[in-house]
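Data block below; observations after.
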Amino acid sequence: MTKFLLAVHVLAAIIAVGPVTVAASMFPPAARKALAAPDDTGATGTVRLLHRICQVYAAVGIAVPVFGFATAGAMGVMGDPWLIASIVLTVLAAGVLLLLVLPRQEVLVEGQGGPGTTVRLAMFTGVFNLLWATVTILMIVRPGSTTGT
């Protein structure tokens, strides 16, 4: 059962978090292009599509911690420092996405905001991606792991 839970957890992370990190990273330059050419329906459509991808996959991403907790419980590692750090960083990443990235995307999708909004959005997106990269490294390295590798 542990291997099944771990496989679903990893697949959920790849399928859900991957698209969010890519779409969120593509959003600021696409928004700058749309701001520079407000009559370009293609640029506006791209911004809307990227925002929708971020919203949908953020919701799907809830499966990652759900299966992560189930896996950690099955493995008996709930109190391990690397897991606690990963949980804290995951909560921070979710907070950055929900409170800083998605709302700024929404402002730009609605045609408000300007170049300064895209700069701040790019910064917050970078923080979000850095937090997820750190969680991924912790999940792979697992300091103090007993796997011997």
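Placing R0 at 25 angstrom, the Cβ-Cβ distance between residue 130 and residue 84 gives a FRET efficiency of 0.85 after rounding to 0.05.
Can you send over the carbon and sulfur percentage of the accessible area for the stretch 24-149, probe radius 1.4 Å, protein chains only? Numbers along the way, then the final one.
Values: 4870 of 6860 Å².
Reported share for carbon and sulfur atoms: 71 percent.
With n ≥ 4 as the cut-off for DSSP H runs, can you work out [θ] at 222 nm for the chain, using -39500 (n - 2.57) per run divided by the number of residues, rounded to the nearest 500? Mind dumping the intermediate values first?
Values: 7 runs with 114 residues, N = 149.
One gets -25500 deg cm²/dmol as the mean residue ellipticity at 222 nm.
The value given for the stretch 1-85 is a Kirkwood hydrodynamic radius of 14.7 Å, derived from the mean inverse Cα-Cα separation. Modelling each spin label as a point 7 Å along the Cα-to-Cβ direction, I'd like the residue 99/residue 69 distance in nm, to one decimal. In this crude spin-label approximation the distance works out to 1.9 nm. With the whole protein complex present, residue 2 retains an accessible surface near 50 Å², based on a 1.4 Å probe. Once C-alpha pairs closer than 8 Å and six or more residues apart are averaged by separation and normalised to the residue number of the chain, the relative contact order reads 31 percent. Here the 3J(HN,Hα) profile of the stretch 123-129, calculated from phi with Karplus coefficients 6.51, -1.76 and 1.60 at θ = phi - 60°, is 5, 5, 5, x, 5, 4, 5 Hz, Gly and Pro shown as x.
Accessible area per residue was computed with a 1.4 Å probe on protein heavy atoms; residue 26 scores about 100 Å². Entry comment: accessible area of the stretch 1-99 is 54 Å² per residue, from protein heavy atoms only and a probe of 1.4 Å.
Dipole check for the stretch 20-149: with +1 at the C-beta of Lys and Arg, -1 at the C-beta of Asp and Glu, and the Cα centre as origin, the magnitude is about 100 Debye.
Above 21 angstrom, tally the Cα pairs of the chain and express them as a % of all pairs, no decimals. Taking all Cα-Cα pairs of the chain, the fraction more than 21 Å apart is 47 percent.
The values are calculated or read from the model by the stated rules, or taken from the named source; none is laboratory data. These figures come from a predicted structure and were not determined experimentally. Using ideal geometry, Cβ is built from the backbone for each residue, glycine included, and neighbour counts are taken over all protein chains shown. Ligands, DNA and RNA are stripped out before the accessible areas are found, and what is left, the full protein with its side chains, is counted by its heavy atoms. Shrake-Rupley method; radii C 1.70, N 1.55, O 1.52, S 1.80 Å.
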